[in-house]
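J.: After the structure tokens below, expect a handful of questions from me.
The values are calculated or read from the model by the stated rules, or taken from the named source; none is laboratory data. All figures in this text were calculated on a predicted structure; none of them were measured in a lab. Here Cβ is always computed from backbone atoms with ideal geometry, including for glycine, and neighbour counts include all displayed protein chains. Remember, those area values only see protein heavy atoms, side chains included, never the ligands or the DNA or RNA. Shrake-Rupley method; radii C 1.70, N 1.55, O 1.52, S 1.80 Å.
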Amino acid sequence: MIFGPAMFPMVFFLGKLLWGEYTKRPPLWTTYEPEPFPEVVYMPSICQVNYPDVFGGCEDIKVYGDLAIVSCDPYKKQSNFLTGYHPGVPDGKVYVWKYETDEKPIEINVQNEFGEFRPQGVRGVPLPEENALRIFISNAAKNASVEVLDYDLATGVTSKVVSLRHKDAILDPNGLAPISSTQVFIANTLGYPYSTLYGPLEFISAIPFGTLGFLDFSNMTNITGKAVGGTTTPIGLEYHDEQLYVASLQYGIYSYRLYIPPDDIDPELVAENKSLGKMHFYPGENVYRTPYLPTHITYSSELDGIVSAGINSYSGEVKAWFGGRSSSWAGLLVDRKGPDEQPLVVSDTVTLGLRSSDRKWQTLFWDKGGENFSGMQSMVVENGRRFGVSPHQAGVLICKSNGIEAVEDTRAVKSKTQSDDASASTGEKRSNDKLEHMYLAKDEL
């Protein structure tokens, strides 16, 4: 009884801490399903699944002009958290596909130097002078690596550039974000499939076992790399306009502003301030809570925004893993201000599970129950089309886009629609965000 009165404030503050922790995360057990808006659901008149006999177990997709790059590993379900892949299981594959002319996808000869090949994230960097596309592929095999190749746009010939390994920067690579033709960020989940029980523990507990790596191979004789941060289950990465976006399956999308020294920087300025000569992150971050658990993220030049696909529930993902079907969702991050200079609160039924200040997502695709396309984990919107892939469904989904409707704001404003030229916003930063779950080294990279 002596400790009775003292227990009340302790329980109160503990409960407050746990509640604050929970509300920073996407809804876990209670999800809200959007209404079947005709412009975002699967419709046979505008959607079709392409080449299911070629694309199987696909993880990521990115589109550059008339070329789509797709990473697939149809044998992933033959592995487990403890032993990884069984000996003799065929390698995964990466394809280039000229979808405009509907030519049959062509498998890239990756020429992996370190054994088995388990492709996850794929990204490209245009090389205009060489009329080529530099392709980066994360290989989540036991001997994890990042494979770099050049694809000649005129001849269709692929040439090997380098196979990269690094004990700190490349651990269990997933998403990739190249910031130049020789520099790339890597998301390491540390959980699947070679880290024994770390994977399930990270997935369930949200302990930040995952890391963010960085590699620079500008000098082939002195390739440098390091771990620059950590978070929980980082899956997707994207870089655009000096912003690095990180998708944490447990916590949502993080955005960091990156300083890259210009090539023509004045040496005198560098002498006065050495940080001007070194790449580094600016302090602070933006956090975008998601209606579902985010996987791969892509930048859409057509929509000028970040697109995220997401797992709608743990149970749905487990069901799909064992042969069932799971709902598919993808949305556009709408980080803008309205006419009153206040952050938009997007009117979209899928975001009803979020706090008002976090409703920044406009649904681009929804398939309830995955009846037509199950468990989508990557979508990109380019050239009037919405491309999606899933490790649980064969083929690449393409839906013809009929235009994104004007974003409707749920706040009490006079106009229901927002002007097309609304300025971009840096987003509403949470007052209680102190980098507990995503931390980055603020020193030079």
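J.: Determine which single condition P74 fails, assuming it passes every other condition in (1) touching a strand residue (DSSP E or B) at 6+ places or on another chain (Cβ under 7 Å); (2) within 26 Å of E371 (Cα to Cα).
T.: (1)
J.: Run down P173, P178 and say which single residue is farther than 24 Å from N50 by Cβ and touching a residue at least 60 places away in the same chain (Cβ under 8 Å).
T.: P178
J.: Take the residues of segment 39-74 that are among the hydroxyl-bearing types (S, T, Y) and in a strand (DSSP E or B): which is farthest from T298 (Cα to Cα)? Spell out the reasoning first.
T.: Taking segment 39-74 as the starting set, the residues that turn out to be among the hydroxyl-bearing types (S, T, Y) are 42, 45, 51, 64, 71.
Next, from what is left, pick out any that are in a strand (DSSP E or B): 64, 71.
Working: Y64: 12, S71: 14 Å.
Selected residue: S71.
J.: Would you check if there is a residue in segment 251-261 being open to solvent by less than 20 Å² (accessible area, probe 1.4 Å) and assigned to a loop (DSSP other than H, G, I, E, B)?
T.: Scanning segment 251-261 turns up at least one residue that is open to solvent by less than 20 Å² (accessible area, probe 1.4 Å) and assigned to a loop (DSSP other than H, G, I, E, B).
J.: Confirm whether E100 is in contact with an Asp or Glu (Cβ under 6 Å, 6 or more places away or on another chain), charged (D, E, K, R), surrounded by fewer than 21 Cβ atoms within 10 Å (Cβ to Cβ) and at pLDDT below 95.
T.: Yes: the conditions hold for E100.
J.: Restricting the search to segment 283-304, which residues are open to solvent by less than 70 Å² (accessible area, probe 1.4 Å) and charged (D, E, K, R)?
T.: Those that are open to solvent by less than 70 Å² (accessible area, probe 1.4 Å) and charged (D, E, K, R): E285, R289.
J.: (1) closer than 26 Å to F387 by Cα; (2) open to solvent by less than 10 Å² (accessible area, probe 1.4 Å): which one isn't true of S145, the others all being true?
T.: For S145, the failing item is (1).
J.: Name the single residue that is nearest to A206 (Cα to Cα) among those in segment 302-352 being polar (S, T, N, Q) and over 20 Å from the mean Cα position of the chain (by Cα).
T.: S315
J.: Taking the stated definitions as given, is H280 surrounded by 15 or more Cβ atoms within 10 Å (Cβ to Cβ) and over 19 Å from the mean Cα position of the chain (by Cα)?
T.: When the stated conditions are applied, H280 passes them.
J.: Just checking, does segment 295-306 include any residue being more than 21 Å from F387 (Cβ to Cβ), part of a loop (DSSP other than H, G, I, E, B) and of a type outside the set (F, W, Y)?
T.: no
J.: Suppose the filter is under 16 Å from L249 (Cα atoms), out of contact with any helix residue (DSSP H, G or I) (no Cβ under 6 Å at 6 or more places or on another chain) and in a loop (DSSP other than H, G, I, E, B); does T290 pass it?
T.: Working: under 16 Å from L249 (Cα atoms): yes; out of contact with any helix residue (DSSP H, G or I) (no Cβ under 6 Å at 6 or more places or on another chain): yes; in a loop (DSSP other than H, G, I, E, B): yes.
The answer is yes for T290.
J.: Follow-up. Here's a check for you: in segment 369-404, which residue that is among the β-branched types (V, I, T) and surrounded by fewer than 24 Cβ atoms within 10 Å (Cβ to Cβ) is nearest to the chain's Cα centre (by Cα)?
T.: First pass over segment 369-404, keeping only residues among the β-branched types (V, I, T): 380-381, 389, 396, 398, 404.
Then keep just the ones that are surrounded by fewer than 24 Cβ atoms within 10 Å (Cβ to Cβ); that gives 398, 404.
Numbers: I398: 19, I404: 21 Å.
Checked segment 369-404; the qualifying residue nearest to the chain's Cα centre (by Cα) is I398.
J.: Could you grab me the full set of residues in segment 236-249 that are out of contact with any His (no Cβ under 6 Å at 6 or more places or on another chain) and on the phi < 0 side of the Ramachandran plot?
T.: Selection gives L237, E238, Y239, H240, Q243, L244, Y245, V246, A247, S248, L249.
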